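The values are calculated or read from the model by the stated rules, or taken from the named source; none is laboratory data. Note that the structure is predicted; figures quoted are calculated from it, not measured. Using ideal geometry, Cβ is built from the backbone for each residue, glycine included, and neighbour counts are taken over all protein chains shown.
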Ligand SMILES: CC(C)(COP(=O)(O)OP(=O)(O)OC[C@H]1O[C@@H](n2cnc3c(N)ncnc32)[C@H](O)[C@@H]1OP(=O)(O)O)[C@@H](O)C(=O)NCCC(=O)NCCS
């Protein structure tokens, strides 16, 4: 079931951010901060956090996937997907594609125009780039050394 995250989900979302291999354990605090700020009022500014809650009957409990997206300042209805992660045990089963489809449907229903997502050119993000490309996202730009020396940013774009 895909639904909005609630404050009670926060610990599970942080755990999932690590279990999806989106963040190393030592960076889990960044997700904790993001969620704390989200529940403290960012939702009113349009920020959205969706979770895919596993159906207990299929043998999995807890959250399968999370996505967080926010409007981009100084643009006309352009958005950024800040994070998407699927539990490692559930990779390559269509969970991420379904969740991202849901994100796009939500934004279309809200009359929004563009969805951007930053990822890294590092081999650790090969599967993320393959994922966005498979789902019809265009590789729009690269910013050399963005995340660090030798770690380029790859910007994907999806017209809604
Ligand atoms: C990227 C991620 C969200 C994909 O989620 P997923 O549920 O495994 O992806 P799906 O099963 O929906 O895959 C959809 C399509 O994307 C492509 N794809 C996904 N994972 C891939 C991989 N490891 N290698 C190559 N292609 C891949 C395939 O075309 C796939 O379709 P197919 O399985 O029918 O061939 C997941 O790997 C993840 O959580 N990674 C760690 C966190 C991360 O990097 N997030 C993005 C940060 S920018």
- Message: The conditions are (1) farther than 15 Å from residue 2 by Cα; (2) away from the ligand (no atom under 16 Å from the Cβ); (3) assigned to a helix (DSSP H, G or I); (4) at pLDDT 95 or above, and residue 75 fails exactly one of them. Which is it?
- Response: (3)
- Return the only residue of 151, 138, 105 being under 22 Å from residue 28 (Cα atoms) and free of Cβ contacts under 8 Å to residues at least 40 places away in the same chain. 151
- Note on the structure: Quick count over the stretch 115-128, residues being within 12 Å of the ligand (Cβ to nearest atom), over 13 Å from residue 139 (Cβ atoms) and outside any helix (DSSP H, G or I), is 1
- Within the stretch 1-12, of all residues that are in a helix (DSSP H, G or I) and out of contact with any helix residue (DSSP H, G or I) (no Cβ under 6 Å at 6 or more places or on another chain), the one surrounded by the fewest Cβ atoms within 10 Å (Cβ to Cβ) is 8
- Of the candidates 85, 94, the one satisfying the condition of being in contact (Cβ under 8 Å) with a residue 24 or more places away in the chain and under 24 Å from residue 3 (Cα atoms) is 85
- Item | Verdict on residue 112 being out of contact with any helix residue (DSSP H, G or I) (no Cβ under 8 Å at 6 or more places or on another chain), outside any helix (DSSP H, G or I) and surrounded by 15 or more Cβ atoms within 10 Å (Cβ to Cβ) | yes
- Message: Please go through (1) assigned to a helix (DSSP H, G or I); (2) within 14 Å of the ligand (Cβ to nearest atom); (3) closer than 19 Å to residue 48 by Cα for residue 80 and return the number of the only condition it doesn't satisfy.
- Response: (1)
- Task: Could you grab me the full set of residues in the stretch 116-151 that are more than 15 Å from residue 97 (Cα to Cα) and either under 14 Å from the mean Cα position of the chain (by Cα) or buried (at least 17 other Cβ atoms within 10 Å of the Cβ) (or both)?
- Result: 116, 118, 119, 120, 121, 125
- Inspect all residues belonging to the stretch 21-30 and state whether any of them is within 16 Å of the ligand (Cβ to nearest atom), modelled with pLDDT under 95 and closer than 25 Å to residue 160 by Cβ. yes
- Kindly indicate which of 27, 37, 32, 44 is part of a helix (DSSP H, G or I) and touching a helix residue (DSSP H, G or I) at 6+ places or on another chain (Cβ under 7 Å). 32
- Item | Matching residues, the stretch 88-111, being more than 13 Å from the ligand (Cβ to nearest atom) and out of contact with any strand residue (DSSP E or B) (no Cβ under 8 Å at 6 or more places or on another chain) | 105, 108, 109, 110, 111
